[in-house]
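Report on one structure; see the data block that follows.
The values are calculated or read from the model by the stated rules, or taken from the named source; none is laboratory data. What you see is a predicted model; the values in this text were computed from it and never measured. A quick note on method: Cβ atoms are made from the backbone with ideal geometry, for glycine too, and the neighbour counts reach across all protein chains shown.
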There are 2 protein chains.
Amino acid sequence: MSTPPPSAKSQTRMVEVRTKILKQNDLVARALRERFQRHGVYVVSLVSSPGAGKTLFLEQTLSRLRTQCRVAALVGDLATDNDAARLARAMVPVKQIVTGTVCHLEAQMVEEALADWNLDDLDILFVENVGNLVCPASYDLGEDLRLVLFSVTEGEDKPRKYPTIFHTADLAVISKIELAAAVEFDLEAARQSIHAVRPGMPILELSAKTGQGMEAWLNFLETRRAAGTH
Amino acid sequence: MSTPPPSAKSQTRMVEVRTKILKQNDLVARALRERFQRHGVYVVSLVSSPGAGKTLFLEQTLSRLRTQCRVAALVGDLATDNDAARLARAMVPVKQIVTGTVCHLEAQMVEEALADWNLDDLDILFVENVGNLVCPASYDLGEDLRLVLFSVTEGEDKPRKYPTIFHTADLAVISKIELAAAVEFDLEAARQSIHAVRPGMPILELSAKTGQGMEAWLNFLETRRAAGTH
């Protein structure tokens, strides 16, 4: 066996550079957060695996909110503007952020996407991250509330297997509960799995398809927004 | 607005360091591939989102293969050895690779995990990556065959939204087809989405739960293994 020696030096350098990028991201995120506060915009970010139902959930949320307040959304993806096209049906301003090969959104991308929007025209901004349960965890986007979604089809043990994102999120949403019976999903086991990682984390179960649980979610959002209003 | 200037310098440095790491990974992967060839081990890697059904698929594959040839598996996760525990039921050697915060497997991790296994005792090695449809795409693990799985619950447009992994994989597996009707999955649209990204890519549809399509998958594997036998 003659494999090259472990690339310890490069790995160390990678960690150093990554630490620096995260630090710069935190600075941009902090500036964004202050800017959102100044303009009275409440910001909610969504993180999940690909296909956990973020976009339908967001579409339903936007449709229900748009008669009550001024909402808009930024949506991140590696490629395509499929999500922006879908969300446009909710009749609110939507902008796609195409990340190329980058596996997460960064504060700088959010800032650039907002360049030509007037924040005074907004009450709530939603930011849908790239579908990825790992990398987005490390990047603050200046949001007030971070949601992590996982669908009943993904299995009850996801929180234990992807703990970091559950540590950094404020609310866990179990999505697609209309499929719970079909996939024999054990809700109690899922709740235990979430609370094993993050004791006391608020959990909502919902179906964006049937509407079940959407009212509770909007109430949760309104309560948090009222409490956190700048 | 006074956010810090764009961190162009750090970003460039990040890309440089990442390029170096990928290059080193490729070297380790090449050495691994040569080693696998020397010992006559055919290596199959699996990539998908969290919860697309990699582990059940692998469990069923191992159970069916173990009477015909000598199989083993490495499984990657950020945390927990849940998957190794599940796969142990298939009565084959299984080892968990816990990556911590790393969002993908690297060739070096595979090499280290194999340190105390005798490759002469193996015919097929399966390597299940961390659940992530983005980052694993860039890391060669020395495998002969790379599978990308996506489940019917994730939606038909996933290949267009995560093209890189489809470009680097050899076979697309559409999993959980027993749920296709329940989620109104459009198989033809999914096939078109895959072939829009990667014309001619082989596609298998299957259900590890009901067994549908497993025979076709094992035939595919056997044909490829026979053709690629070292």
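Identify all residues within region A:132-152 that are in a strand (DSSP E or B) and more than 9 Å from chain B (Cβ to nearest Cβ); write none if there are none. Working first, answer last.
To start, the set of residues in region A:132-152 that are in a strand (DSSP E or B) comprises A:145-151.
Result: A:Leu145, A:Arg146, A:Leu147, A:Val148, A:Leu149.
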For B:Val44: the one exception among (1) more than 14 Å from chain A (Cβ to nearest Cβ); (2) surrounded by fewer than 16 Cβ atoms within 10 Å (Cβ to Cβ) = (2)
remark   = Across (1) within 30 Å of B:Gly211 (Cα to Cα); (2) crowded, with 16+ Cβ neighbours inside 10 Å; (3) away from chain A (no Cβ under 11 Å), B:Thr67 clears everything bar (2)
note = Exception for B:Gly155 within (1) more than 9 Å from chain A (Cβ to nearest Cβ); (2) more than 16 Å from the chain's Cα centre (by Cα) falls at (1)
inquiry  = List pairs: first residue in region B:76-91 and under 21 Å from B:Cys135 (Cα atoms) and more than 8 Å from every other protein chain (Cβ to nearest Cβ), second residue among the hydrophobic types (A, V, I, L, M, F, W, C) and assigned to a helix (DSSP H, G or I) anywhere in the structure, Cβ distance under 8 angstrom, at least six positions apart or on different chains.
reply    = B:Gly76/B:Met109
ask   = Any idea how many residues of region A:92-107 are free of Cβ contacts under 8 Å to residues at least 24 places away in the same chain and either in a helix (DSSP H, G or I) or within 15 Å of the chain's Cα centre (by Cα) (or both)?
value = 2
message = Suppose we filter region B:47-72 for residues that are closer than 18 Å to B:Ala85 by Cα and within 11 Å of the chain's Cα centre (by Cα); how many remain?
response = 3
remark   = Selection from region B:156-182 of residues assigned to a loop (DSSP other than H, G, I, E, B) and surrounded by 19 or more Cβ atoms within 10 Å (Cβ to Cβ) yields B:Glu156, B:Asp157, B:Tyr162, B:Ala169, B:Lys176
message = So B:Leu145 passes all but one of these: (1) touching a residue at least 40 places away in the same chain (Cβ under 8 Å); (2) touching a strand residue (DSSP E or B) at 6+ places or on another chain (Cβ under 7 Å); (3) hydrophobic (A, V, I, L, M, F, W, C); (4) within 25 Å of A:Ile165 (Cβ to Cβ). Which condition number does it fail?
response = (4)
key: In region B:26-41, the residues that are more than 9 Å from every other protein chain (Cβ to nearest Cβ) and crowded, with 18+ Cβ neighbours inside 10 Å   = B:Ala29, B:Arg33, B:Phe36, B:Val41
ask   = Residue check: is B:Leu204 within 23 Å of B:Val92 (Cα to Cα) and at pLDDT 95 or above?
value = no
Answer from A:Glu59, A:Glu128, A:Glu111, A:Glu106 - the residue that is under 28 Å from A:Met201 (Cα atoms), within 14 Å of chain B (Cβ to nearest Cβ) and surrounded by fewer than 22 Cβ atoms within 10 Å (Cβ to Cβ) = A:Glu59
ask   = Given the structure, is A:Ala115 closer than 22 Å to B:Ser193 by Cα and not aromatic (Phe, Trp, Tyr)?
value = no
query = What is the number of the single condition among (1) assigned to a loop (DSSP other than H, G, I, E, B); (2) over 29 Å from B:Gln11 (Cβ atoms); (3) touching a residue at least 12 places away in the same chain (Cβ under 8 Å); (4) not aromatic (Phe, Trp, Tyr) that A:Thr67 does not meet?
reply = (3)
query = Inside region A:176-202, can you point out the residues that are among the small types (Gly, Ala, Ser) and at negative phi?
reply = A:Ala180, A:Ala181, A:Ala182, A:Ala189, A:Ala190, A:Ser193, A:Ala196
ask   = Looking at region B:197-205, is at least one residue within 12 Å of chain A (Cβ to nearest Cβ), within 25 Å of B:Leu105 (Cα to Cα) and touching an Asp or Glu at 6+ places or on another chain (Cβ under 8 Å)?
value = no
Residues located in region B:31-53, provided they are within 24 Å of B:Leu206 (Cβ to Cβ), among the polar types (S, T, N, Q) and not in a loop (DSSP other than H, G, I, E, B) = B:Ser45
task = Give region A:187-216 a look and list any residue that's assigned to a helix (DSSP H, G or I), farther than 24 Å from B:Val183 by Cβ and among the small types (Gly, Ala, Ser), or say none.
result = A:Ala196
remark   = Of the residues in region A:92-135, those that are aliphatic (A, V, I, L, M) and over 14 Å from A:Leu74 (Cα atoms) number 3
request  = Output the number of the condition that B:Lys20 fails; it satisfies all remaining conditions of (1) more than 9 Å from chain A (Cβ to nearest Cβ); (2) of a type outside the set (A, V, I, L, M); (3) surrounded by fewer than 20 Cβ atoms within 10 Å (Cβ to Cβ).
outcome  = (1)
request  = Return the pairs, sorted by first residue and then second, in which the second residue is in a loop (DSSP other than H, G, I, E, B), the first residue lies in region A:195-219 and is surrounded by fewer than 13 Cβ atoms within 10 Å (Cβ to Cβ), the beta carbons are less than 9 Å apart, and the residues are 6+ apart or on different chains.
outcome  = A:Ala216/A:Leu206
